[in-house]
Every structure is written in structure tokens, then in C-alpha cells.
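In what follows, a structure is listed as C-alpha cells, so that the remarks can point back to it.
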Amino acid sequence: MMDLKSGYWQIEVDDKDRDKTAFVTSDGLYEFKVMPFGLCNSPATFERMMDTVLRGLKWNICLCYLDDIIVYAPNFQEHKRRLRKVLKCIQEAGLTLNFNKCSFGKKKLTILGHLVDEHGIYPDPQKTAAVTKFPVPENVSDVRSFLGLCSYYRRFIKNFADIAMPLHDLLKKKCQVFMGNTTKGIFLNSQEVTDQWSCFGTFPSKRKNKDTLGR
């Protein structure tokens with residue numbers, strides 16, 4: 001995985017548009033020469049630039065999300081060949097990588113809060129640990145926080161909606177009793193079940209499949 005150094009700052013702002021980025025300080029008026037963070041169009045502009053740089057390679061030998069580039073391959077030799085192609089495109093575009101955040105030849109990566117390897121996609125253990133260590137809720141706000149934490153990985157939890165329903169009931173206005181052994185039991189049961197994470201496996205390329213369109 002490769003990371004571009006201060007990605008947005010690698011895109012220059014057109015001379016005629018720099019005055020639109022002006023801001024006032026005690027030392028005077030300043031304008032951005034490069035695309036600043038925080039503009040509503042910055043992510044889309046950056047993504048469009050990366051699509052241009054990696055045209056023909058994206059979805060074939062690599063993936064890209066903003067300033068993160070992932071090069072994948074079935075074996076190490078092919079990985080090196082594909083890596084050279086991607087690095088050549090980055091060099092020709094005049095972009096700079098953040099070497100400290102780059103990792104090459106890895107069989108396992110943590111990407112966007114998920115652990116990815118040759119077998120599939122898993123929840124990040126560091127994130128799921130927060131679920132098992134979450135204290136027993138003392139109020140509605142705590143229950144809502146716990147549900148929000150679990151919901152991020154809900155697709156990895158079988159029958160999540162059924163498991164979480166008793167906790168959602170505690171958030172209803174008609175719920176008169178909040179704390180007690182029953183409530184604590186509901187939480188501990190939900191906490192135990194949600195700790196049984198599943199894995200999203202990769203689809204075997206040689207497996208026969210059939211697409212069915214609904215009528």
C-alpha cells in the first residue's frame with residue numbers, strides 16, 4: 001500500500017482562482033498556491049486526478065481511495081511487476097509518496113478499518129476490542145454509543161438486527177425502566193454475540209456462477 005504525501009497539496013491552484021482561497025492573518029493577506037484541505041470540492045478533484053494518473057491500471061492491478069493506493073497480485077513476482085507500473089505512473093505525474101506510510105510486499109493490510117488478506121475481509125481487531133471492553137451502559141447515551149460502535153461492523157455479525165433489537169427497545173420513550181439486572185443481561189448477551197465476527201471471503205475465480213435478474 002502506498003500513501004501520497006499531503007496529497008491535496010500536490011495539486012496546484014490555477015493562478016486566476018488563488019484569490020478565492022485568500023485568508024487574513026495579523027501578518028497580512030495570504031492565498032493558497034496548492035489545493036487546501038477543507039474545500040468541499042477537494043476530495044472529488046483529487047480523486048479525479050488519481051483516476052487520470054492510474055488510468056488503465058485502476059481495478060486491473062491496483063485500487064485507489066483518495067491518497068491511498070493498493071497494488072494487488074496473485075504472487076510476489078507479479079506484484080513487483082505491477083508495482084513498477086504504478087510507480088512509473090506516479091513518477092511521470094510528478095507526485096510524491098510518503099515513504100514512512102508505504103508498505104510493500106505485504107500479505108495482510110489494515111485498510112479503512114478492515115483487515116484484508118488472501119482469504120477475505122475481517123474487522124480490524126483493534127476496533128472490535130472496543131466492543132468487548134465497552135462498560136455496562138449507565139444511560140441512554142451509552143446504549144446509543146455501543147450500538148453505533150457495533151453497527152459499523154454489522155455486516156460481519158449474523159442476525160445483527162435481531163441481536164440489537166432489545167437494546168434499541170431501551171432507546172424508546174416508552175421504556176420506563178432502564179437500569180437493572182435485566183438490562184445488564186441484555187447488554188452482556190449482545191456484547192458476547194457481537195464479538196463473534198465473521199469473515200467476508202473472496203469469490204473463487206474458477207467457480208461457476210449464474211446471474212439472475214429479478215422480474
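Values quoted throughout were computed directly from the atomic coordinates according to the rules given, and no laboratory measurement underlies them. Not measured: the values here are computed from a predicted model. A quick note on method: Cβ atoms are made from the backbone with ideal geometry, for glycine too, and the neighbour counts reach across all protein chains shown.
Below are the figures for this structure:
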{"read-out": "Complete set of residues in the stretch 12-42 that are assigned to a helix (DSSP H, G or I) and either loosely packed, with under 13 Cβ neighbours inside 10 Å or touching a helix residue (DSSP H, G or I) at 6+ places or on another chain (Cβ under 6 Å) (or both)", "value": "Asp15, Lys16, Asp17, Asp19, Lys20, Ser42"}
{"read-out": "When residues of the stretch 125-141 are limited to those that are exposed (fewer than 15 other Cβ atoms within 10 Å of the Cβ) and among the charged types (D, E, K, R), the one nearest to Asp169 (Cα to Cα)", "value": "Glu138"}
{"read-out": "In the stretch 44-92, residue farthest from Lys5 (Cα to Cα) [restricted to those that are of a type in the set (Phe, Trp, Tyr) and in a helix (DSSP H, G or I)]", "value": "Phe76"}
